[in-house]
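Before I ask anything, here is the structure I am working with.
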Amino acid sequence: MLEVKSPWNNEIVGSVETSNNQHLEDILMEVTNVSKLKGNDFPPKERIQVLKSFCEKINQNIESLAKLATSEGGKPITDSIVEIKRGAEGVDSCIEVLKSDAGSVIPMNLNEASSNRLAFTQKEPIGVVLAVSAFNHPFNLIIHQIIPAIATGCTVIVKPAEDTPLSCKKIVEMLYESGLPRNRCHFVMPKDLELATKLVSDPRIDFFSFIGSSKVGWYLRSKLAPGTRCSLEHGGMAPTFISTNSDILHCAKSIARGGFYHAGQVCVSVQRIYLNKNVKNEFMSAFVDEVKKVKLGDPMEKDTVVGPLIRKSEISRVDSWVQESLRNGSELILGNGKLSEVSYDKTIILNPKKEDKISQNEIFGPVVTINEFNDFEKAIEEANSVNVSFQSSIFTDKISEILKFYEKINASAVFHNDHTAFRVDWMPFAGLKHSGHGVGGIKYSMHDMQIEKMLVLKK
């Protein structure tokens with residue numbers, strides 16, 4: 001049995017049973033046998049009914065689901081409510097994609113070889129999907145990983161983060177209550193790393209969906225059996241550029257939100273600000289004022305924006321990185337470091353060295369760095385020098401700078417006059433380089449979890 005504790009007060013908020021080797025083997029055998037039916041035992045109309053019922057249950061239980069997510073993960077309750085609502089929207093998106101996503105006609109009769117033939121494709125489920133998830137969005141990440149699998153007719157095994165398994169368990173229970181056959185989706189929590197790795201590497205897994213650290217993700221990818229497809233979503237360092245003609249107050253408000261939302265424990269939260277020296281004083285003053293307004297405290301209080309870090313060890317790690325940078329000559333603009341065993345203060349660091357850990361790695365804490373620049377293109381080169389690449393943003397009113405930034409920056413998405421933590425669930429969401437593999441987003445995940453099978457008819 002795994003006890004789940006609140007990261008805020010260390011109180012036990014629930015527990016889940018762990019899975020031994022035999023339990024995992026039984027599940028693998030069951031989902032593999034069901035997957036051989038290629039979804040024919042669970043036709044689209046039945047999937048849609050299940051998903052509609054499931055969506056209704058989510059909307060009827062938003063507050064309780066949000067409290068559960070906050071209690072185990074520490075995300076402020078206001079943001080957890082938003083997360084639950086997004087989860088319901090994600091289910092709706094799956095239904096809409098399922099209604100419209102079809103195969104295609106392949107042109108024939110174009111030459112002698114293709115004469116007297118008719119060809120088309122249809123989509124069918126890829127098979128068994130294994131989803132391994134992260135702690136920071138314990139409800140919506142699970143939705144993104146397993147609902148596309150269910151919608152496409154796949155069978156699915158889901159392993160949530162050990163810190164936040166309760167939301168995942170509740171999702172699976174609600175799916176059963178909504179009419180999902182129990183042999184099509186299973187919640188598991190392997191009792192140790194060896195069993196988890198064995199599950200990932202099993203040749204019966206057809207698709208592996210992973211959200212978490214790049215170190216773990218790339219390691220697990222190396223363990224996949226030949227033929228297993230995968231999607232990996234890791235972290236980034238989200239470069240945000242501020243130009244001379246920006247609306248400074250708007251910049252400050254937006255970045256304060258994008259940098260400190262969920263204590264910076266978001267893969268696309270603002271971490272690196274590149275600031276034109278000509279607006280340094282104006283921006284710094286406005287930004288510090290806005291960050292000071294951001295409330296840090298009990299995640300169950302509605303006005304809290306920055307809650308606890310997920311584990312005590314994360315407090316020590318973040319602080320060690322900050323202290324290293326300060327010893328190397330960076331300037332502390334705001335922050336009082338470790339506030340308690342669970343909380344780290346909102347921190348702003350000016351001009352860290354390139355070799356500092358906070359300049360080379362995803363911080364995943366309430367720390368934002370500011371880097372001054374005179375040369376716009378050289379600053380972009382510096383932003384591109386790390387081995388991660390995800391979302392980015394630029395605050396400017398010059399179309400030439402927008403287009404230059406879009407052209408030069410290493411990123412899968414560029415946002416104008418907005419922070420980097422923006423996402424809607426129907427857009428593509430992809431990490432590049434060490435930040436991931438494949439494309440997330442509802443319809444993109446559904447695409448990956450299907451194959452297009454072609455039939456060629458000869459007249």
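The values are calculated or read from the model by the stated rules, or taken from the named source; none is laboratory data. Because the structure is a prediction, the values reported are computed rather than measured. Virtual Cβ from ideal backbone geometry, glycine too; neighbours counted across all protein chains shown.
Residue by residue through segment 440-459, note down the ones that are part of a loop (DSSP other than H, G, I, E, B) and modelled with pLDDT under 95.
Gly441, Lys459
Okay, moving on. Against the conditions (1) closer than 18 Å to Glu341 by Cα; (2) of a type outside the set (S, T, N, Q); (3) modelled with pLDDT of 95 or more, where does Val288 fall short? Just the number, please.
All conditions are met except number (1).
Same structure again: If we scan segment 177-184, do we find a residue that is buried (at least 24 other Cβ atoms within 10 Å of the Cβ), touching a Lys or Arg at 6+ places or on another chain (Cβ under 9 Å) and in contact (Cβ under 8 Å) with a residue 24 or more places away in the chain?
Within segment 177-184 (the criterion being buried (at least 24 other Cβ atoms within 10 Å of the Cβ), touching a Lys or Arg at 6+ places or on another chain (Cβ under 9 Å) and in contact (Cβ under 8 Å) with a residue 24 or more places away in the chain), the answer is no, since none of the residues qualifies.
Among Ala119, Ala131, Ala102, which is the only one that is touching a Pro at 6+ places or on another chain (Cβ under 9 Å), assigned by TED's automatic domain parsing to the domain that holds Thr70, within 29 Å of Lys459 (Cβ to Cβ) and not acidic (Asp, Glu)?
Going through Ala119, Ala131, Ala102 in turn, the sole match is Ala119.
Checking the structure you have, find out if any residue of segment 48-55 is under 22 Å from the mean Cα position of the chain (by Cα) and over 30 Å from Leu195 (Cβ atoms).
yes
Among the residues of segment 381-411, how many are of a type in the set (Ser, Thr, Tyr) and buried (at least 19 other Cβ atoms within 10 Å of the Cβ)?
4
I'd like the full set of residues that are on the phi < 0 side of the Ramachandran plot and either surrounded by 21 or more Cβ atoms within 10 Å (Cβ to Cβ) or over 16 Å from the mean Cα position of the chain (by Cα) (or both), limited to segment 74-84.
Lys75, Pro76, Ile77, Thr78, Ser80, Ile81, Glu83, Ile84
Do any strands (runs of 3 or more DSSP E) entirely within segment 105-163 hold 3 or more residues that are within 17 Å of Tyr176 (Cβ to Cβ) and aliphatic (A, V, I, L, M), and if so, which?
155-159
Only residues that are of a type in the set (Lys, Arg) and under 41 Å from the mean Cα position of the chain (by Cα): list them for segment 99-121, please.
Lys99
Within segment 37-75, count every residue that is in a helix (DSSP H, G or I), farther than 27 Å from Asn136 by Cα and in contact with a Gly (Cβ under 9 Å, 6 or more places away or on another chain).
Number of matching residues: 4.
Consider Glu11 carefully, then state whether it is surrounded by fewer than 17 Cβ atoms within 10 Å (Cβ to Cβ), of a type in the set (D, E, K, R) and in contact (Cβ under 8 Å) with a residue 24 or more places away in the chain.
no
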